[in-house]
Amino acid sequence: MSKVFPDAASALAGLLHDDMTIAAGGFGLCGIPENLIAALRDSGVKGLTIVGNNAGVDDFGMGLLLKTRQVRRVLASYVGENKEFERQVLGGELQLELVPQGTLAERLRAGGAGIPGFYTRTALGTRLAEGKETKVFDGREYVLEPAIRADVSLVKAWKGDRAGNLVYRRTARNFNPMIATCGRVCVAEVEELVETGALDPDQIHTPGIYVDRIIQGPRYEKRIEFRTVRGSAAAKKETPVRELMARRAARELRDGYYVNLGIGIPTLVANFIPPGMNVTLQSENGLLGIGPFPAEDQVDADLINAGKQTITTVPGSAFFSSSDSFAMIRGGHIDLSILGALEVAENGDIANWMVPGKMVKGPGGAMDLVAGVKRVVAVMEHCAKDGSPKILRECTLPVTGRGVVNLIITDLAVFAVRDGGGLTLTELHPGVMLDEVLAKTGVPFQVALVAG
């Protein structure tokens with residue numbers, strides 16, 4: 001039987017029904033099966049459970065299905081920039097199971113590999129681990145996470161052949177390889193469909209055994225969420241205070257480090273890597289070796305960072321799946337992670353993924369990062385917009401990780417988190433007085449200012 005179908009609608013024919021579970025590849029809008037999603041919307045099926053890293057944006061990607069109210073439940077890592085998604089969740093119109101990004105990737109991989117579940121340190125002690133079984137290995141506690149299986153998997157590749165073998169391009173690989181394996185039926189769409197044997201067997205990322213149906217997409221918009229180029233207006237708008245914090249964070253870098261930078265202020269750290277220092281930046285959507293923002297003529301929709309910004313590579317860069325990315329993170333191969341925060345507690349707890357009843361961004365990769373990397377630096381404003389302190393005795397917001405932060409850098413000062421808990425003020429930024437820091441910090445701290 002031929003696996004090749006003439007279009008998306010025929011490829012989905014006979015597979016769809018109400019109340020089914022559909023997993024779809026992509027990260028943000030990068031590597032999403034555009035044509036299959038449109039055909040899924042046009043089919044009119046409803047009551048869907050959709051699984052994927054995120055649900056696109058309001059008018060593109062899986063967000064199209066939210067707009068037409070075809071979705072009942074979502075399993076995702078990140079709500080992100082989809083305002084309709086967030087509105088439906090906050091309004092109680094949509095069931096949402098938030099899953100840390102690395103855990104989601106591994107649950108999908110496990111589902112396709114016949115592994116019913118696995119234990120992980122990610123999310124331990126947080127709201128997302130409540131009610132789950134835990135077990136101690138080598139003196140450390142782990143959370144049991146179940147595998148994910150879907151009725152139908154939808155994936156997007158760069159090239160494919162008539163046997164179903166797939167090749168992905170750059171960071172468009174992301175979740176597609178795992179999702180290709182976790183469905184009882186996998187339907188793939190490709191930009192270029194070639195004859196069997198035309199692809200180099202050594203370059204195939206998903207073997208055809210996993211792919212049941214395949215189409216060549218007639219067109220691809222390949223929309224870019226954040227088109228970021230060198231010298232852009234966004235880059236020029238950066239404030240001196242944000243740059244000061246990024247410069248200070250860059251002093252935590254060491255030669256030979258593998259480093260993951262969170263979105264927001266942490267992304268600026270890449271601008272201040274000391275000359276001659278060899279630092280390799282890792283992005284959890286599947287890139288090791290992040291280069292600078294591209295020139296206008298270098299922009300590539302298949303090459304983005306974890307903040308969905310367009311970027312470039314450097315000599316020695318490598319692309320891989322989201323599952324491989326989080327294996328690096330959970331396995332302790334990343335030396336340093338620099339993250340933004342909503343709150344940090346004196347014992348090193350960090351909260352940075354939601355404000356109950358007001359904002360649901362999702363954990364993304366942060367829970368995996370704080371549980372797996374060797375050192376965590378939190379970079380944030382010292383106070384919230386209402387003037388309340390963000391450094392507290394205990395976090396009031398849902399926690400991302402327990403006792404994980406080693407250093408706090410704010411717009412006023414730098415604090416070290418002591419082993420066993422407690423803060424030591426080590427630096428004041430230029431022009432900042434100790435009395436101001438005392439007044440704006442929600443917890444007592446020791447003072448051991450470092451000269452210079």
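Just to confirm a number: summing +1 for Lys and Arg and -1 for Asp and Glu over residues other than Thr49 whose beta-carbon lies under 12 angstrom from that of Thr49, what do you get?
0
Given the rule -39500 (n - 2.57) for each run of at least 4 DSSP H residues, summed and divided by the residues of the chain, what is its mean residue ellipticity at 222 nm, to the nearest 500 deg cm²/dmol?
About -5000 deg cm²/dmol.
Could you tally the net charge around Gly114, taking each other residue with its Cβ under 15 Å from the Cβ of Gly114, Lys/Arg +1 and Asp/Glu -1? Write down the numbers at each step before the final one.
Values: positive: Arg107, Arg109, Arg149, Arg184; negative: Glu106.
Here the count lands on +3.
Can you work out the Karplus-derived ³J(HN,Hα) for every residue in segment 84-97? Use 6.51 cos²θ - 1.76 cosθ + 1.60 with θ = phi - 60°, whole Hz, and x for glycine or proline.
With coefficients 6.51, -1.76 and 1.60, one gets 5, 4, 4, 4, 5, 5, 5, x, x, 8, 9, 7, 10, 10 Hz.
Ordering Val136, Val229 from largest to smallest accessible area (1.4 angstrom probe), what's the sequence? List each step's numbers first, then the result.
On the way: Val136 95, Val229 20 Å².
Final ranking, largest accessible area leading: Val136, Val229.
At a Cα cut-off below 24 Å, give the lysines reachable from Lys3, other chains included and same-chain residues fewer than 8 away excluded.
Here the lysines satisfying the reach criterion relative to Lys3 are Lys156, Lys159.
Rounded to the nearest percent, how much of the accessible area of segment 274-324 (1.4 Å probe, protein heavy atoms only) is carbon and sulfur?
54 percent
Taking all protein chains as present, what is the carbon and sulfur share of the accessible area of segment 103-246, in % to the nearest whole number, probe 1.4 Å?
Details: 3300 of 6940 Å².
Carbon with sulfur: 48 percent of the solvent-accessible area.
With a ≥ b ≥ c the root eigenvalues of the C-alpha gyration tensor of segment 1-105, is it rounded (a/c under 1.5), prolate (a/b larger than b/c) or oblate?
prolate
Can you work out the FRET efficiency for the pair Leu90 and Ala448, with r the C-beta to C-beta distance and R0 = 35 Å, to the nearest 0.05?
So, using R0 = 35 Å, E works out to roughly 0.20.
For Asp7, put the label point 7 Å out on the Cα→Cβ axis and report which residues of segment 162-201 keep their amide N under 19 Å from it.
The answer is 187-193.
Amide H of Val71 versus every other amide H placed in the peptide plane: which residues, excluding those fewer than 5 positions away on the same chain, fall under 5 Å?
Placed amide hydrogens put Gly47, Leu48 under 5 Å from Val71.
Under a 5 Å amide H to amide H cut-off, with H placed in plane at 1.01 Å, what residues pair with Gly340 once short-range neighbours are removed?
Here Gly262, Ile263, Val379 satisfy the definition.
If you compute Cα Rg over 2.2 N^0.38 Å for the structure shown, which of [x] 0.92; [y] 1.00; [z] 1.26 do you land on?
Matching the structure shown: [y].
Rounded to the nearest 0.05, what FRET efficiency is calculated for Val241 and Lys83 with R0 set to 30 Å and r the Cβ-Cβ distance?
Computed FRET efficiency for Val241 and Lys83: 0.60.
Mind checking the per residue accessible area of segment 284-355 for me, 1.4 Å probe, whole number of Å²?
30 Å²
Share of segment 354-427's accessible area from carbon and sulfur, percent, 1.4 Å?
Exposed carbon and sulfur together represent 48 percent of the surface.
If I stretch the segment between Glu192 and Arg127 completely, what's the gain in nm (0.36 nm per residue apart, minus their alpha carbon distance), one decimal? Could you put the intermediate results ahead of the total?
On the way: separation 65, 0.36 × 65 = 23.40 nm, distance 4.35 nm.
Full extension from Glu192 to Arg127 adds 19.0 nm.
Relative contact order for segment 1-132: what percent, with Cα pairs under 8 Å and sequence separation of 6 or more?
About 17 percent, as a whole number.
For segment 28-148, what does the accessible surface come to per residue with a 1.4 Å probe? Please give it in Å².
On the way: 4670 Å² over 121 residues.
Here the per-residue accessible area is 39 Å².
Contact order normalised by length for the chain, with contacts defined as Cα pairs under 8 Å and 6 or more residues apart; what percent is it?
14 percent
Relative contact order for segment 9-65: what percent, with Cα pairs under 8 Å and sequence separation of 6 or more?
Value for segment 9-65: 41 percent.
The values are calculated or read from the model by the stated rules, or taken from the named source; none is laboratory data. Since this is a predicted model, take the numbers as computed values, not measurements. Cβ: placed from backbone, ideal geometry, glycine included. Neighbour counts: every protein chain shown. The protein model used for the area step is the full one, side chains on, heavy atoms only, and it has no ligands, DNA or RNA in it. Shrake-Rupley method; radii C 1.70, N 1.55, O 1.52, S 1.80 Å.
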